[in-house]
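The structure under discussion appears below in the form of structure tokens.
The values are calculated or read from the model by the stated rules, or taken from the named source; none is laboratory data. Fair warning: this is a prediction, and the values are worked out from it, not measured in the lab. Side chains are part of the model used for accessible areas, which takes the heavy atoms of the whole protein and leaves out ligands, DNA and RNA. Shrake-Rupley method; radii C 1.70, N 1.55, O 1.52, S 1.80 Å.
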Amino acid sequence: MFNFLKNNNNEETLLGSFDTDKEIPKHIAIIMDGNGRWAQKRFLPRIAGHKEGMNNVKVITKHASQLGVKVLTLYAFSTENWKRPTEEVDFLMKLPVDFFDVFVPELIEENVKVQVMGYQESLPKHTQKAVENAIEQTKDNTGMILNFALNYGSRAEILTAVNDIMSLVKEERLTEEITEEEFAKHLMTASLGPDLQDPDLLIRTSGEERISNFLLWQIAYSELFFTDKYWPDFTSQHLEDAIGSFQSRNRRFGDVKAKK
């Protein structure tokens, strides 16, 4: 299936098609947007969209793993999402409980390892427990890492890293120059390792074309892909379309020639 991009004249131009023999992004990050609008379009409550969106996480996770993706980071709940209606927030905090209870056995079968980044201490106890259990039950898996960003915000993450470094400097436990590599060690993606902590491809669904405080440091050289599809409608084929677009791009990282 081909992937198209609209130019300034609203004309579609061919970007590229997915090829299993070409490079697969090692780390894909997704802003899963449009659950509420998906539901409203069907005259359903917003929480129905979140439930359907979580079901789609299972589909995309399995397909990404089977394609050979090493890390799939999903923006599940931001530090700003607490501003939403209480009923919706309460439902979102219960979703991980039901999701992991059903999906962990399948993740184990797929050899997928669960990780979570964000300010977990601020989550309700039942949500924390569900997260801790999923991490514990999949800790020995050696396949793709399913990395949930839960109660995560990139500006807060960067400030936390700065404050951590300042504390180390004051305690004279860090006396060398602060490099990009050193700074990255204090970000929430550090556990992924230097080769995987920065996404190769960032996907946002629902037609919005902004980053929304997600991985601001890490996506400096990520390829961006925006689609009009709401997250519940984003299929395995659409994931392949996004990867096909990635495969057609010339990644130079500031250089003249593309990096191998």
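Of note:
- Highest-fluctuation residue, 62, 125, 113 considered, GNM on the chain with Cα pairs under 10 Å: 125
- As a length-normalised measure over Cα pairs under 8 Å and 6 or more apart, the relative contact order of region 99-217 settles at 27 percent.
- Cross-link pairs 58/139; 62/229; 185/229; 51/229 - those with Cα-Cα distance over 23 Å: 185/229
- Correct option for semi-axes √(5λ) of the Cα gyration tensor in Å [calculated from the coordinates] among [x] 31, 21, 18; [y] 30, 22, 15; [z] 28, 26, 19: [z]
- Alpha-carbon Rg with Dmax, taken over region 150-217, Å: 14.2, 48
- Whole-percent carbon and sulfur share, accessible surface of region 32-126, 1.4 Å: 53 percent
- Shown for region 141-193: the carbon plus sulfur share of the solvent-accessible area, taken with all protein chains present and a 1.4 angstrom probe, equals 49%.
- Pairwise Cα distances in region 43-148 exceed 19 Å in 43 percent of cases.
- Mean separation of Cα contacts under 8 Å (6+ apart) over length of the chain, as relative contact order %: 28 percent
- Computed over every Cα-Cα pair of region 156-260 and binned at 5 Å starting from 0, the pair-distance distribution P(r) comes out as 2, 10, 16, 17, 17, 14, 10, 6, 4, 2, 0 percent.
- Note: relative contact order over region 13-70, using C-alpha pairs below 8 Å and six or more positions apart, is 39 percent.
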